[in-house]
Amino acid sequence: MKILVPVKRVIDYNVKARVKADGSGMELANVKMAMNPFDEIAVEEAVRLKEAGVASEIVAVSCGEAKCQEQLRQALALGADRALLVETTVELQPLAVAKLLKAIVDREAPRLVILGKQAIDDDANQTGQMLAALLDWPQATFASKVAVRGEEIEVTREIDGGLETLAMTLPAVVTTDLRLNEPRYATLPNIMKAKKKPLETLTPAELGVDVAPRLATLKVEEPPARKAGVKVASVAELVDKLRHEAKVIP
Amino acid sequence: MEFDVLVVGGGPAGLACAIRLKQLAAAAGRELSVCLLEKGAEIGAHILSGAVFETRALDELIPDWRARGAPLGVPVLRDEVYYFPHESNALRLPGFALPKTMHNAGNYVISLGKLCRWLGSEAEALGVEIFPGFAAAELLIEAGVVTGVVTGELGRAKDGSEKPDYQPGMALKAKYTVFAEGCRGHLGKALIERFDLAAGRDPQHYAIGLKELWEVPAERHEPGLVVHGAGWPLEGNANGGSFLYHGEDNTIAVGLIVDLNYANPYLSPFEEFQRFKQHPVIRRHLAGGRRIAYGARAIAKGGFSSLPKMHFPGGLLIGCDAGTLNFAKIKGSHTAMKSGLIAAETIFAALEQDRAGGRDLVEFETALRASWLYEELYAARNFGAALHRFGTLFGGAFNWIDQNLFGGRLPVTLHDPEPDHMRLKPAAECAPIVYEKPDGVISFDRLSSVFLSNTNHEEDQPAHLKLTDPGLALTVNLARYAAPETRYCPAGVYEIVEEAGGPRLVINAQNCLHCKTCDIKDPGQNIRWLPPEGGGGPVYGAM
Amino acid sequence: MSAANKVLVIAEHDNRQLKKATLCTIRCAAQLGEVHLLIAGSGCAAAAEAASQVEGVAKVLCSDDARYAHPLAAALAPLVTSVAHGYSHLLAPATTFGKDLMPRVAAKLDVAQISDVIAIVSPDTFKRPIYAGNGIATVQSRDAIKVLTVRATAFDPAKVGAGGTALIEALAPIDVPAHTRFVGQALAASDRPELTQARVIVSGGRGLGSAENFHLLDKLADKLGAAVGASRAAVDAGFAPNDWQVGQTGKIVAPELYIAVGISGAIQHLAGMKDSKVIVANNKDPEAPIFQVADYGLVADLFQAVPELTAALG
Ligand SMILES: Cc1cc2nc3c(=O)[nH]c(=O)nc-3n(C[C@H](O)[C@H](O)[C@H](O)COP(=O)(O)OP(=O)(O)OC[C@H]3O[C@@H](n4cnc5c(N)ncnc54)[C@H](O)[C@@H]3O)c2cc1C
Ligand SMILES: Cc1cc2nc3c(=O)[nH]c(=O)nc-3n(C[C@H](O)[C@H](O)[C@H](O)COP(=O)(O)OP(=O)(O)OC[C@H]3O[C@@H](n4cnc5c(N)ncnc54)[C@H](O)[C@@H]3O)c2cc1C
Ligand code: SF4
């Protein structure tokens, strides 16, 4: 079975994002970039499926600028077999990415696509679901456990208030949540080997996909700073305020 | 894994060395494998400097750096130097009154981190194998010869057990290993001890440099303006100096450098820095702006008299790891790079003669002595010691005479034989210092500052700050010196917590900025900085 | 706003009543135009009945069928798209339900989807947080149908039982794909909700002094049906387990009520809870930074204040 793992280049998880002074977006100059953490979990899950003998090949794919190669190399170092870069400098929104991925799926015919539930930059949480819709495939979002049994995949999902388990016939799309696994370290020898694994570059035009953005970002602002409220003199006053002013306790 | 040359540290010294090696190999049509390890998550992540940059070494390394797009966008256009007698007034020193070494025409205001990232991509293009996120943890020494290093292990839990994804350290061997860890490298320190490299030299002297990056309104920004200062708030408590540089993109780098030979354990370099920014001369540059980054790093400033032997069997010690900084100019990047160039040339020639490697490259010393680097350090040799001995005013006067009238050739050499950590006085003999609360506009608290360094470490790992004797934290550090580590650490790593059972030292290793101050200043030399899991530490953007 | 706007809200419910997040979404939808509500379920007549009483709802579309016994995106998306073209906006709460479903709907309609809307600027322009809330983006959609998920904490719930009675219209079910089978559900049964999903959180810091003292918070949490969180300092000191940590390197939470006890309010802690709706701080130090973000601050010794508060909650 072939697994496709889409990975996104985003701001490093440890770096504090800040709004540009002119309000046109977030400041990304001189900012360390990295693989989206949820995608790292996706790569890890694919590698585990391969180690378990379920998967035979892992193809990593990234859509975006040429530098996404760094994230693809990381996916290769973590255990992907080869990589595809759909290179474009156009701002890609989830629907466009889903269409690019659909075109890749049509070419590669994987049985399973595993990707992160959301990217930590736009926080959209859409791409996997959109891809499943375009392919008419089943989807399981927010996966915290994945088991493949023959032609069926069973996924435990983290939903509000608990867990839900779905069984789907393959092919399918799975999006990962934080608790699915703990990604491994890329070792030095694997990083070196990754440099020699195949990485193919395509363009949206070659895939016949129109990636023009549908949403216009008019501005980006800093979130309003929280203001200090009031000091209460006693527990009784606190309880009164919580009950009657804030209405957060019965 | 084996390489011809292994470079430890991706700062200006290590990168210059790696690039030069590849250039020489290409010119000679030789295969030469060069590997460079960097503990930061990427090249530049742990680089913090001022910086006003002198291009001399870069001109030699990559003469067409301009055409190749090196990030040196802002030439120095104007120099201002102040002496601050106290918190509200300032004496602007006229140009003629400054030591020559403080003139900056022809230099550039840069982010050294950005320059290193650019050098890193140049190095990679030449075929240097760069591995960010991997620290060299231990030396490999075989039969008295350094044969490489062992990288840090990954995946060990806080309690010492191995986690499921545990990866042991890896031995990386090389014919020659170049150590370029910057100031107070932990392997450099081990090498100096192991091969007695500092024999007959003055002890190394250090300072801690704290820095912030501000973004200010365009109309208040003057790209290329360079402001240096001395005096308040340090005069009396400690020596040091300040800098404020107007760089690219409406940013200002502002910093305070505090010599680590200060005596009063109540002194907090961080608080002095916050206080310093409130001086009207400094404040007016920052007003209306927002702070976008913070960090700190120690500086090896002993210079010529403290410079250890830089060669030993199997390798070289270069850049600030040895101590090549010119303190008269507070510049160390061009000298670090120059030491890297000389190292590369020495090693390449040695490998041409004998592919086996592993020799003690004594000829490095000769090449160094013949270079402008040596000349420069010799000329600056008295600068720091004069300030230590005579204070900012009189030491400054000595330096003016020495540097301007004699070009650094006054026929005396001042020595400063006492290591910095011995200079702390017992708390009982010192007056506690009361610092004002931060105003949240110009001055800030330590934890919100650390937030802007993007530092982080995997929490579930053993603390990388080790106490040789844990008991001393209370019996000596707290009892005698009022726990100075809680003040000199710029990241709030050390805290004394009062508990039912008495006070306890808490080490928040996760906060660490890898500045190395604790390793330097701890009065009993009881704190050791060791590399944490690779990739941990600050993630500086353009520092 | 324009009378031409018709908004369909996809309800999250338990067949008997609407989830609170749905009520918040209805309030948001009312800002856009006439609100219809789609309820798909199995035996969901009661929910439809309740929905018809909600303020601002003009019509309820009810598809009551065994096929919709479980809210699977693959089953619901075709139903939603089948009625979508009568509407200018499709809204669902930004819960795991809405986030699972709405992108699938949007892709089927070949339109963008806008997640986690926190404010309506105009019928085609919305505000939403990006970069974990470090930026608020104002985005404009050029699509004919706008598909939104709505962050419940940004809108008050619509009033229940206060409105008129909306018409309930039956909607025929549509074939659902055979590729997805519901296996089971394990809703957290414990009385202590999960941190990231709790409505109320009581969090303790180093001020608690010991693991034993942390039990003071348990009692308060029990009264409030709250989850218990902790600062890093408290976790490091061994007062609380690792997975209770709230903050930059712990959990990011945004409950309706966050009570911080003996926590100084370092920025790294605030990074994990500053989006809470109401913040209460109890600290004995009046200068503690936590008071700069607290809606209600109580300067007092926690060892008195917490038991007193627990008692006062009856
Ligand atoms: C506040 C401040 C202001 C300064 N201002 C100026 C100025 O204006 N102009 C100027 O020229 N100089 C200035 N300097 C000095 C200058 O920054 C240094 O001299 C220069 O950075 C030294 O270069 P280096 O390559 O020797 O070491 P560094 O720049 O310190 O680089 C060492 C690198 O090695 C890595 N490393 C360390 N140990 C290991 C290990 N064991 N394994 C793997 N990697 C490791 C580090 O992470 C780091 O990236 C300033 C310094 C400071 C602190
Ligand atoms: C990279 C990094 C990541 C971090 N991640 C996190 C994180 O995820 N979460 C987190 O919380 N922190 C995090 N921190 C740590 C953070 O900076 C603070 O150190 C920590 O939040 C402090 O915890 P505290 O408020 O419990 O302790 P303290 O700062 O010691 O505060 C204790 C408070 O209790 C009060 N107090 C004491 N006794 C009483 C009493 N009897 N009654 C009432 N009040 C009392 C005191 O006045 C004081 O304000 C991180 C730091 C770094 C650098
Ligand atoms: S712990 Fe030591 S090395 Fe780390 S920031 Fe503090 S003083 Fe610097």
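Bear in mind these aren't lab numbers, they're just calculated from the coordinates by the rules spelled out. A quick note: this is a predicted structure, and the numbers were derived from the prediction, not measured. Counting neighbours? That spans all protein chains shown, and the Cβs are built from the backbone with ideal geometry, glycine included.
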> For chain C, what does -39500 (n - 2.57) per DSSP helix run (n ≥ 4), summed and divided by total residues, give at 222 nm, in deg cm²/dmol to the nearest 500?
Replying inline: -7000 deg cm²/dmol
>> Counting only Cα atoms, I'd like the Rg/Rh figure for segment C:101-168, Kirkwood definition for Rh.
In response: 1.04
>> I want to check the label-to-label distance for B:Asp439 and A:Asp106. Put each point 7 Å from Cα in the C-beta direction and report it in nm to one decimal.
In response: 6.3
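Can you order the peptides B:338-346, A:49-57, C:98-106, C:110-118 by their average number of other Cβ atoms within 10 Å per residue, highest first?
Answer by packing, highest mean first, reads C:98-106, B:338-346, C:110-118, A:49-57.
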> In the Gaussian network model of chain C, springs joining C-alpha atoms below 10 Å, which of C:Ala230, C:Ala11, C:Ala48 carries the largest mean-square fluctuation?
Replying inline: C:Ala230
> How high is the FRET efficiency from C:Asn213 to B:Asp165, r the C-beta distance, R0 41 Å, rounded to 0.05?
Replying inline: 0.70
> For segment A:101-187, what percent of Cα pairs sit more than 23 Å apart?
Replying inline: 22
> Based on the Cβ-Cβ distance of B:Glu153 and B:Ala28, what FRET efficiency does E = 1/(1 + (r/R0)^6) give at R0 = 45 Å, to the nearest 0.05?
Replying inline: 0.75
>> Please report the antiparallel percentage of the DSSP beta bridges confined to the protein assembly as shown, to the nearest 5.
In response: 50
> Is segment A:2-225 rounded, prolate or oblate when judged by the Cα gyration tensor, a ≥ b ≥ c being the square roots of its eigenvalues, rounded requiring a/c under 1.5 and prolate requiring a/b larger than b/c?
Replying inline: rounded
> Between segment C:27-76 and segment A:130-173, what is the C-alpha centre distance in whole Å?
Replying inline: 25
> Label C:Ile168 and C:Ala132 with points 7 Å out from Cα along Cα→Cβ: what is the distance between them in nm?
Replying inline: 4.5
>> Placing +1 on the Cβ of each Lys and Arg and -1 on the Cβ of each Asp and Glu in the protein assembly as shown, which of C:Ser122, B:Tyr488, B:Leu72 has its Cα farthest towards the positive end of the resulting dipole?
In response: B:Leu72
>> How much of the DSSP bridge set in chain B is antiparallel, in percent, rounded to the nearest 5?
In response: 70
> At 222 nm, what helix-only mean residue ellipticity would chain B give, in deg cm²/dmol to the nearest 500, using -39500 (n - 2.57) for each DSSP H run of four or more?
Replying inline: -7000 deg cm²/dmol
> How high is the FRET efficiency between A:His244 and B:Glu365 when r is their beta carbon distance and R₀ equals 51 Å, given to the nearest 0.05?
Replying inline: 0.05
>> Over all directions, the average projected area of the alpha-carbon convex hull for segment C:119-257 comes to how many nm²?
In response: 14.5
> How large are Rg and Dmax for chain C when only the alpha carbon atoms are used, in Å?
Replying inline: 21.8, 63
>> Once you place label points 7 Å from the Cα toward the Cβ at A:Arg82 and A:Ala147, how far apart are they in nm?
In response: 3.4
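Roughly what percent of Cα-Cα pairs across the protein assembly as shown reach past 45 Å?
In whole percent, the share of Cα-Cα pairs in the protein assembly as shown beyond 45 Å is 39.
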> Size of the dipole of chain A about the Cα centre, Lys and Arg at +1 and Asp and Glu at -1 on the beta carbon, nothing else charged, in debye to 20?
Replying inline: 540
> Which is farthest toward the positive dipole end of segment C:140-280 among C:Ala266, C:Val150, C:Leu171, measuring Cα position about the Cα centre, with Cβ charges +1 (Lys, Arg) and -1 (Asp, Glu)?
Replying inline: C:Ala266
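Have a look at the DSSP beta bridges in chain A and tell me what percent are antiparallel, nearest 5.
Numbers: 18 of 43 bridges.
In chain A, approximately 40 percent of DSSP beta bridges are antiparallel ones.
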